[in-house]
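Reading through the structure tokens given below for one structure.
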Amino acid sequence: MDNASTDGSPDWVETHHSKLRLIRCEKNYGYAGGCNRGAKEANGKYLLFLNNDTSHEVDWIEPLVATMEEDPSIAAVQPKILNYYEKDMFDYAGGSGGAMDVLCFPFARGRLFLTREKDRGQYDNSVQIFWASGTAFLMRKSIFEQSGGFDEVFFAHQEEIDLQWRLQLMGYKIYVNPQSTIYHKNALTLPMHSPMKKYLNHRNSLMMLLTNYSLPVSIYLFPIRLALEFVAVFYAIALFDFPHVTAIFRSLFWILFHPHIIIRRRRKVRKLRKIKDRNLLKFFYKGSVILDYYLLRKKYYSDLMPKPAL
């Protein structure tokens, strides 16, 4: 899939890899739109969503397929994602499987915000996770179609979390299999400190909170999340990071002026839902990862997990 790129890469692909089927979009539909259009054209049992700034170990796809074949209730599975430039470090985008707190702040095994861990095999167990990174994950095409695919309103960032939240509400599971490893260059499409990236992350996270929870849970959690948005504003002002301030207010105004999209998404989720929130909340981190990270100085995934009894 080519999202109307201007760097000459589509012509290079056609010249050097003529056996590949290249689909050119007339405009940039973002990660969500580009992947949806590719999924419609794909004929396989499985869909592999893979970023173009990755490299891979030999035979990395086979363990992912094996995970899916072992359990038909698994809808999607991701590999372990390490950094391309520091191959012993987890990457920002997904680590060894994604998690999320109840206020819709995502984090991962091996990465909390700006803190990455060295891969020492501490997350090499194949386990159920809350979200699989859009950097690389395999999923069943039939379930992708049942879910409605990626929501193109998201454009980019957290669209995979939104999709996989819906999959779990439908009764399916998300897994990581660290026997499979890839390496990711990270943030080449949108740099880490890009105002556009910050805007999309804030907006899309808020949109999930307002639409993927049941209405009572959304109403209960939204004021708490809104308060943290204003804490983030004051923090950004203190750092003279005014583009971040603008990004946060842009996201809040978007939510305010698009109630029709919020209502439409809620109706879609309600039609797909088979699992109640109380049954899914056990997969969320119950505290605030923001407060734990910045105030309590819990820098690692293991700091958030309950310690085993002696």
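The values are calculated or read from the model by the stated rules, or taken from the named source; none is laboratory data. All values derive from a computational prediction rather than experimental measurement. Quick reminder, even Gly has a Cβ in these numbers, built from the backbone with ideal geometry, and neighbours come from all protein chains shown.
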Checked the stretch 125-172 for anything aromatic (Phe, Trp, Tyr) and within 16 Å of GLY30 (Cβ to Cβ); matches are PHE150, PHE154, PHE155
By my count, helices (runs of 4 or more DSSP H) wholly in the stretch 242-296 with at least 1 residues that are touching a His at 6+ places or on another chain (Cβ under 8 Å) and either farther than 22 Å from VAL153 by Cβ or not aromatic (Phe, Trp, Tyr) (or both) are 242-257
Just one listed residue, out of ARG140, ARG120, ARG116, is free of Cβ contacts under 8 Å to residues at least 24 places away in the same chain, of a type outside the set (Ser, Thr, Tyr) and in the same structural domain as MET196 (by TED's automatic domain parsing), and it is ARG120
Inside the stretch 22-39, the number of residues satisfying the requirement of being of a type outside the set (A, V, I, L, M, F, W, C), free of Cβ contacts under 8 Å to residues at least 60 places away in the same chain and either in the same structural domain as LEU82 (by TED's automatic domain parsing) or surrounded by 11 or more Cβ atoms within 10 Å (Cβ to Cβ) (or both) is 5
Expected output for the stretch 220-233 (first residue farther than 13 Å from ILE290 by Cα, partner of a type outside the set (A, V, I, L, M) and assigned to a helix (DSSP H, G or I), Cβ below 9 Å, 6+ apart or cross-chain) is VAL233/HIS244; VAL233/PHE249
Filtering the stretch 3-21 for residues that are surrounded by fewer than 16 Cβ atoms within 10 Å (Cβ to Cβ) and not in a helix (DSSP H, G or I) leaves a count of 10
Being farther than 22 Å from LEU169 by Cα and either charged (D, E, K, R) or in the same structural domain as PRO106 (by TED's automatic domain parsing) (or both) narrows LEU252, LEU272, LEU281 down to just LEU252
